Amino acid sequence: MKTIEIDEIRRLSLLYPEVHEHVDGFGHISFRVKDKPFVIIGETLSIKTLPATQETLLEQPGYIKAPYIGRHGWVLVEIEEVGWQTIEGLIRNGYLIVAPKRLANTVRNG
């Protein structure tokens with residue numbers, strides 16, 4: 001993944017309260033709130049979604065069910081295919097799924 005894309009994903013992910021960046025032993029970058037990931041960057045971009053949302057996304061070009069974690073609602077997103085505005089919305093929704101209610105409500109009402 002290109003550095004400029006990683007920088008933009010980082011910027012979008014860190015907009016939300018109490019998010020931290022984590023790099024695992026394989027060099028994968030994840031963005032987490034209360035140690036729950038909502039964005040993972042490896043060779044591809046993976047974003048946490050609700051299962052119903054995942055079903056809808058998988059019917060469209062640019063989305064693939066993530067290996068191993070796809071059963072938990074994760075999708076691989078092809079940046080060029082879906083565009084940054086869509087990615088921004090997916091990151092926001094991913095945050096809202098995993099964030100504690102107190103933080104999610106701050107974002108929803110903010």
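Key figures
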quantity: Förster radius 22 Å - calculated FRET efficiency between GLU43 and HIS72 (Cβ-Cβ, nearest 0.05); calculated: 0.70
quantity: Solvent-accessible ranking of VAL107, VAL39, largest area first, probe 1.4 Å; calculated: VAL107, VAL39
quantity: Residue-level accessible surface for LEU96, protein heavy atoms, 1.4 Å, Å²; calculated: 20
quantity: Of all accessible heavy-atom area on region 1-72, the percent that carbon and sulfur account for (1.4 Å); calculated: 56
quantity: Accessible surface, 1.4 Å probe, highest first, among residues TRP84, TRP74; calculated: TRP84, TRP74
quantity: Low-density loop cleavage sites - trypsin sites (Lys or Arg not before Pro) in region 1-87, where at most 10 other Cβ are within 10 Å (DSSP); calculated: LYS2
quantity: The chain - percent relative contact order, Cα under 8 Å, separation 6 or more; calculated: 24
quantity: Calculated [θ] (222 nm, deg cm²/dmol) that DSSP helices of n ≥ 4 give over the chain, each run adding -39,500 (n - 2.57); calculated: -12500 deg cm²/dmol
quantity: Residue-normalised accessible area of the chain, given per residue in Å² at a 1.4 Å probe; calculated: 59
quantity: Heavy-atom accessible area ranking, 1.4 Å probe, most first, across GLU55, GLU81, GLU43, GLU5; calculated: GLU43, GLU55, GLU81, GLU5
quantity: For ILE64, solvent-accessible area (1.4 Å; no DNA, RNA or ligand), Å²; calculated: 80
quantity: Candidate lysines for bridging to LYS101, where Cα separation is under 28 Å - those fewer than 8 sequence places away on the same chain excluded; calculated: LYS34, LYS36, LYS48, LYS65
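The values are calculated or read from the model by the stated rules, or taken from the named source; none is laboratory data. Nothing here was measured: the structure is a model prediction, and the numbers come from that model. Positions of Cβ are generated from backbone atoms using ideal geometry, with glycine treated the same way; all protein chains shown enter the neighbour counts. Ligands, DNA and RNA are excluded from the accessible area calculation, which covers all protein heavy atoms including side chains. Shrake-Rupley method; radii C 1.70, N 1.55, O 1.52, S 1.80 Å.
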